[in-house]
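The values are calculated or read from the model by the stated rules, or taken from the named source; none is laboratory data. Computed from a prediction, not measured in an experiment: that's the story for all the values here. Ideal geometry is used to build each Cβ from the backbone, glycine not excepted, and the neighbour counts take in all protein chains shown. Ligands, DNA and RNA are excluded from the accessible area calculation, which covers all protein heavy atoms including side chains. Shrake-Rupley method; radii C 1.70, N 1.55, O 1.52, S 1.80 Å.
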Amino acid sequence: MPRALMSVEGCADKIGRMLIVNNMHDRKSKMNEYARAFIALPGGFGTLEELLEIATWSMLSIHSKPVIVLNTNGYYEPLKNMVGQAVNGGFVSKDNSGIILFCDTAEEAVQAIKTYVPPDTRYGLDWTTKVDI
């Protein structure tokens, strides 16, 4: 959790491991480093921003992990429709639209993680080469 958000969101010290980081970018980098999969629960702007960035990271081949949306009570139907609109408009390939997996139950989400295969249409970029700036 970014240090600045601790006073707003608090932190539960009895659940799992809490890492305090300096900023949101560090938070997402740590999530990527430690996670085997990403699951978005219903949430607000922060959840949407993290979900879409982590999906973009998959498309750019920064990671190859499942990106799951737990569509509790249809909460994410508008986002699911928007992804469809992006495909229809030619902004996202049909194959890459499968980077985000929409699941209605926790059981479906677990199964999706177990059977996940990244789309072979992702960009396949090499992020290992560093440049001096």
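Using θ = phi - 60° in the Karplus curve 6.51 cos²θ - 1.76 cosθ + 1.60, the 3J(HN,Hα) couplings for region 109-123 round to 5, 4, 5, 5, 5, 5, 9, 5, 10, x, x, 7, 8, 4, 5 Hz; x is entered for Gly and Pro. Averaged per residue, region 29-128 has 60 square angstrom of accessible surface, using a 1.4 angstrom probe with ligands and nucleic acids left out.
Is the chain best put as rounded, prolate or oblate by its Cα gyration tensor, with a ≥ b ≥ c the root eigenvalues, rounded for a/c under 1.5, and otherwise prolate when a/b is larger than b/c, oblate when not? It is oblate, given that a/c is not under 1.5 and a/b is not larger than b/c. Rounded to the nearest 20, the Cβ-based charge dipole of region 34-133 about its Cα centre (Lys and Arg +1, Asp and Glu -1) stands at 160 debye. Residues whose amide H falls under 5 Å from that of Val21, counting only those 5 or more places apart or on a different chain, are Arg3, with hydrogens built in the peptide plane.
Sorting 54-61, 124-131 by average packing, meaning the other beta carbons within 10 Å per residue, from highest down gives 54-61, 124-131. Of all accessible surface on the chain at a 1.4 Å probe, what whole percent is carbon and sulfur? About 57 percent, which is the carbon plus sulfur part of the accessible surface.
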